[in-house]
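Structure first, then comments.
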Amino acid sequence: MTRSPLRAAVDIGGTFTDVQILDPTTGMVWDFKAATTPRDPSIGLINGLQGAAERYGFSVSDIGLILHGSTIATNAVLEHRLPKGALVTTKGFRDILEIGRHMRHNVYALRAEERALLIPRDRRYELDERVLADGSVERPVDPAQVAKLGAQLAQDGITAVAVGFLHGYRNPENERATAEILATVPGLHVTTSHETSPEIREFERMSTTVLNALLKPVISDYLERVEARLNDTGIAARLFLVQSNGGVATPSEAARLPARLLLSGPSGGAIAMVDLARRNSLANVVGIDMGGTSSDVSVVQDGRIEETASGEIDGLPVRLPMVEIRTIGAGGGSLARLNGDALRVGPASAGAEPGPACYLRGGVEPTVTDANLHLGLIDGDQFLGGAMPLGRAEAANSLQTIATALDLSVEMTAAGIRQIATASMADAVRLSLFEKGSDPGEFALAAFGGAGGLHACDIAEDLDIGQVVFPVSASTLSARGILMSDLRHDLMHSELMLADAEMAPRAAEVVKDLLSRAKAQLDADEMPQGARAFEISADMRYRGQAFEINTPWDDVAEVTPDALAALVARFHDLHQDRYAHSAKADPVEIVTIRAKALGLMERTEVTAAIANEGVAGKRQVWRDGDWRATPVLPRSDIGDQPVSGPLVVDEAYSALWIGAGWRVRALDGGDLMAERQNEGAV
């Protein structure tokens, strides 16, 4: 039998690069972890693919498709590793980035929070042009003025420029004219707002456009390195990049709109949560993805993951469709430090280099991983399947400084670090659910990432959650979600219009144009006609409101007055569900119409390879204030008959802690389910 080309999903995190390899012929999935290489993450990517090939006995040349998620864009923004950029905008609007919104996170502070400004005022340039709110051009751009500006940008050493004009979303004519001239400047990367975020609200649009402009050189250079390394390694696979919306994009599209990669990695975990809920018949699941640097919370409610039209990174608004995820600085590599007499854990992280003290790479400060290792929850000799033994003495030494300062034993200090990290994650889960008006008791908790399984039962107890799911291949589950991603394009058109019969013809024109553009993009991607899907939705509000609700517009074959009335009725229902009231007599307006174009990737029913790592036995674990002999089982030894905690479950790339009062059993698909015995565990 001829084997189909293998598919690889690669998720580059702050500490580890996770890989999952799918053999479409057999449906078998293998996972592998390699250390992330922060100075050039493409090296870690190749190391991960080669390591998986060596471990599972295939050739890297057998890989035909690579789906790649990463934190490259996110880290570039957070660490301010960005090129010298400029903003070109309408005369009188150069200060829009500083003015922002009159909203404060801490309303009781005497001073407003400082806002990150990626482009200083002296690199924001004004052009004497004007497009009105209805899209008419009052003043076209002066080509001579733009050419003069281009020469100045080149002289000033600018490598990235954002072009964002007032009302550019309604009519991009002036932005296009400006960009065409600036694009002739050698070495200048040009971004326009109408391509990046063609929506109302100039501050959010400008912020997103600036981020996209500054990320263009970063992502373009990275993709060149990746493709060069793939060629040098003999991998001729087609490459796609994971976007914040959970879909994937071609390298050319990712290089054009890199701001869409800002939540690339975490979105894979959210997609995997949807599949986890489906295969285990769970309507409501909250996922906690605890990696080496951070923890990401995603919520599946009624079988679907929430999306949002905007997010934020480093205090900067990003007006783009993205999976709804809450990220906190609590990971295995989060540093424990004293702030006066108070012990703090995170958000600073040891990362991949030097990493936790126990990694033996030069780290000396204690981390959550050092604490868990010292408490006996991690088998240091079998870390990463034995490929990376950990230093237990080094972990204890790193903890000693804090223990001495607090006049505590090393064990109590490690337990305190663990408890603080657990409480931080529980708070993040609680907030994510309370924002939706949801009761944690109605959800199962799914724990994944390399460290999630060690804290899950404690988090669940804090939240009064009675079920915890430990997915198969939990440590690389975000990569599993990436394997399930489809090609996706998001298109939108902002135009205020009343959602009534009179406006149906105009709404029909907008929908027709969006679908035409969506089909053209899938044509460019060479997606087969039978592997395409389109979704239409509208951002709607009662007239006079400041914020909208995205309302799905299913089966909108033709925009008629009746179809528009059905959309309004759905909006009323959504408003009632979200805010416990609706105003059906009030006029409703459409702010933005959106189209989602999906290129459906080929699906294969998968079977995860569950390695028989370790042997059953006992080891000393610090619990209940003392060292106690505690049962240890390999994951492959957990069957459909419940096993009671306290218990450590070892697997290749992670460990699970099943606390007292919990029982764990295997589900049909290989996932494990832990249930609190007083919650009626079977």
statement: Of (1) at pLDDT below 90; (2) crowded, with 20+ Cβ neighbours inside 10 Å; (3) in contact with a Pro (Cβ under 9 Å, 6 or more places away or on another chain), Val77 satisfies every one except (3)
task: Give the range 320-329 a look and list any residue that's part of a loop (DSSP other than H, G, I, E, B) and not hydrophobic (A, V, I, L, M, F, W, C), or say none.
output: Pro321, Glu324, Gly329
- prompt: Is it true that Leu316 is more than 23 Å from Gly441 (Cβ to Cβ), of a type outside the set (D, E, K, R), surrounded by fewer than 24 Cβ atoms within 10 Å (Cβ to Cβ) and modelled with pLDDT of 90 or more?
  reply: no
statement: In the set Asp296, Asp275, Asp341, Asp302, the lone residue that is within 28 Å of Thr592 (Cα to Cα) and among the acidic types (Asp, Glu) is Asp302
task: Looking only at the range 330-349, count how many residues are in a loop (DSSP other than H, G, I, E, B) and free of Cβ contacts under 8 Å to residues at least 60 places away in the same chain.
output: 1
query: Considering only the range 243-283, how many residues are crowded, with 22+ Cβ neighbours inside 10 Å and basic (Lys, Arg)?
result: 1
field: Residue list for the range 51-65, filter: in contact with a helix residue (DSSP H, G or I) (Cβ under 9 Å, 6 or more places away or on another chain) and either buried (at least 17 other Cβ atoms within 10 Å of the Cβ) or under 10 Å from Phe32 (Cα atoms) (or both)
entry: Ala52, Ala53, Arg55, Val60, Ile63
message: When the residues of the range 626-642 are narrowed to those that are more than 16 Å from Gly670 (Cβ to Cβ) and free of Cβ contacts under 8 Å to residues at least 24 places away in the same chain, which ends up surrounded by the fewest Cβ atoms within 10 Å (Cβ to Cβ)?
response: Asp626
- line: Among helices (runs of 4 or more DSSP H) completely within the range 196-301, the ones holding 1 or more residues that are over 30 Å from Ala421 (Cα atoms), in contact with a helix residue (DSSP H, G or I) (Cβ under 6 Å, 6 or more places away or on another chain) and in contact (Cβ under 8 Å) with a residue 60 or more places away in the chain are 202-233
- prompt: Among the residues of the range 453-468, is there at least one that is more than 23 Å from Asp31 (Cβ to Cβ), small (Gly, Ala, Ser) and buried (at least 23 other Cβ atoms within 10 Å of the Cβ)?
  reply: yes
query: For Glu180, are the conditions met, namely being charged (D, E, K, R) and either outside the structural domain of Arg94 (by TED's automatic domain parsing) or closer than 21 Å to Ser252 by Cβ (or both)?
result: yes
- request: Taking the residues in the range 533-546 that are over 24 Å from the mean Cα position of the chain (by Cα) and at negative phi as candidates, determine which candidate is modelled with the lowest pLDDT.
  value: Ala546
query: Any idea which residue in the range 183-195 is surrounded by the most Cβ atoms within 10 Å (Cβ to Cβ), counting only those that are without any contact (Cβ under 8 Å) to a residue 40 or more places away in the chain and out of contact with any strand residue (DSSP E or B) (no Cβ under 8 Å at 6 or more places or on another chain)?
result: His194
- request: Give me the pairs, please: first residue somewhere in the range 573-593 and assigned to a helix (DSSP H, G or I), second residue anywhere and buried (at least 16 other Cβ atoms within 10 Å of the Cβ), beta-carbon distance under 7 Å, and either six or more positions apart or on two chains.
  value: Leu574/Ile549; Leu574/Thr551; His575/Ile549; His575/Ser582; Gln576/Ser582; Arg578/Ile549
statement: Reported set for the range 170-182 where residues are without any contact (Cβ under 8 Å) to a residue 60 or more places away in the chain and either assigned to a helix (DSSP H, G or I) or surrounded by 22 or more Cβ atoms within 10 Å (Cβ to Cβ) (or both) is Glu173, Asn174, Glu175, Arg176, Ala177, Ala179, Glu180, Ile181
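The values are calculated or read from the model by the stated rules, or taken from the named source; none is laboratory data. Predicted model, so just to flag it, every value in this text is computed and none were measured. Positions of Cβ are generated from backbone atoms using ideal geometry, with glycine treated the same way; all protein chains shown enter the neighbour counts.
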